[in-house]
Amino acid sequence: MLEEEKVKRDATAININGAMMYPDMTIVENASTSKDLSTLVAAVQAAGLVETLSSEGPFTVFAPTNDAFSALPEGTVETLLKPENKATLSGILTYHVVSGNIMAGDLLKMIEEGKGKTTFATVNGATLTAMLVDGKVMIKDATGATATVAIADVKQSNGVVHVIDKVLLPSK
């Protein structure tokens with residue numbers, strides 16, 4: 001019976017490069033199992049956001065991969081992880097979070113209704129713009145840089161995660 005339950009549970013999960021993301025686990029619990037999201041998890045811990053992103057939510061998180069963090073200028077991540085930069089790091093991370101459950105289909109509908117783009121407020125109070133480019137959902141930040149949604153609709157017990165290929169920045 002236990003094997004059957006495991007198979008059923010695994011059928012509800014999304015595999016992100018070998019890590020199973022289960023819809024009955026929180027954003028933090030799932031991200032912690034993924035080697036591709038380890039920098040994000042370290043940043044969430046350093047910013048003191050584990051409790052928030054483990055709470056009921058729901059939250060929509062645009063989750064940058066380790067490669068996205070690695071693409072930042074050399075030394076940026078290390079500097080942001082220092083205790084004296086906790087507020088700055090928290091501001092950057094909460095810029096990747098939107099209140100509510102925004103699934104890919106909802107986002108596409110919002111883009112269509114917005115005649116090619118839509119904006120939405122993030123938890124840190126700033127806005128992001130979503131658009132469709134060559135059939136892919138792109139998220140534009142305050143600096144004008146864009147991230148591509150690489151994996152959409154990773155359901156969590158307290159929201160949804162969309163894996164992106166760049167770190168979004170709230171200001172220049």
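The values are calculated or read from the model by the stated rules, or taken from the named source; none is laboratory data. This structure is a prediction, so every number in the text was calculated from the model and none was measured. A quick note on method: Cβ atoms are made from the backbone with ideal geometry, for glycine too, and the neighbour counts reach across all protein chains shown. The accessibility values were calculated without ligands, DNA or RNA, using every heavy atom of the protein model including side chains. Shrake-Rupley method; radii C 1.70, N 1.55, O 1.52, S 1.80 Å.
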Note to self: Could you check segment 152-172 and list, in sequence order, the residues that are open to solvent by less than 50 Å² (accessible area, probe 1.4 Å) and hydrophobic (A, V, I, L, M, F, W, C)?
What the structure shows: Ala152, Val154, Val160, Val161, Val163, Ile164, Val167, Leu168
Notebook entry, point to check: Within segment 156-164, is even one residue over 15 Å from Thr65 (Cβ atoms), assigned to a loop (DSSP other than H, G, I, E, B) and of a type outside the set (Lys, Arg)?
Noted result: yes
Notebook entry, point to check: Mind checking which pairs have a first residue in segment 41-54 that is farther than 18 Å from Ser157 by Cα and a second that is hydrophobic (A, V, I, L, M, F, W, C) and part of a loop (DSSP other than H, G, I, E, B), Cβ under 6 Å, 6 or more apart or different chains?
Noted result: Ala46/Leu81
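Has segment 84-94 got at least one residue that is touching a Phe, Trp or Tyr at 6+ places or on another chain (Cβ under 9 Å), of a type outside the set (Gly, Ala, Ser) and open to solvent by less than 60 Å² (accessible area, probe 1.4 Å)? Please lay out each step first, then the result.
Step one: filter segment 84-94 for residues touching a Phe, Trp or Tyr at 6+ places or on another chain (Cβ under 9 Å), giving none.
No - not one qualifying residue is present in segment 84-94.
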Item checked: Extreme residue, nearest to Ala63 (Cα to Cα), among residues of segment 118-172 that are more than 12 Å from the chain's Cα centre (by Cα) and of a type in the set (Lys, Arg) -> Lys140
Notebook entry, point to check: When residues of segment 11-31 are filtered for being open to solvent by 60 Å² or more (accessible area, probe 1.4 Å) and either under 13 Å from the mean Cα position of the chain (by Cα) or β-branched (Val, Ile, Thr) (or both), how many remain?
Noted result: 1
Margin query: Among the residues that make up segment 42-50, is at least one of them among the hydrophobic types (A, V, I, L, M, F, W, C), assigned to a helix (DSSP H, G or I), at pLDDT below 95 and touching a Gly at 6+ places or on another chain (Cβ under 9 Å)?
Written below: no
Notebook entry, point to check: Can Ala11 be described as assigned to a helix (DSSP H, G or I) and small (Gly, Ala, Ser)?
Noted result: yes
Next item on the list: Considering every residue within segment 102-113, establish whether at least one is open to solvent by 50 Å² or more (accessible area, probe 1.4 Å) and assigned to a loop (DSSP other than H, G, I, E, B).
Entry: no
Margin query: Quick check on this structure: which one of Thr39, Thr127 is more than 17 Å from Thr26 (Cβ to Cβ), in contact with a helix residue (DSSP H, G or I) (Cβ under 9 Å, 6 or more places away or on another chain) and β-branched (Val, Ile, Thr)?
Written below: Thr39
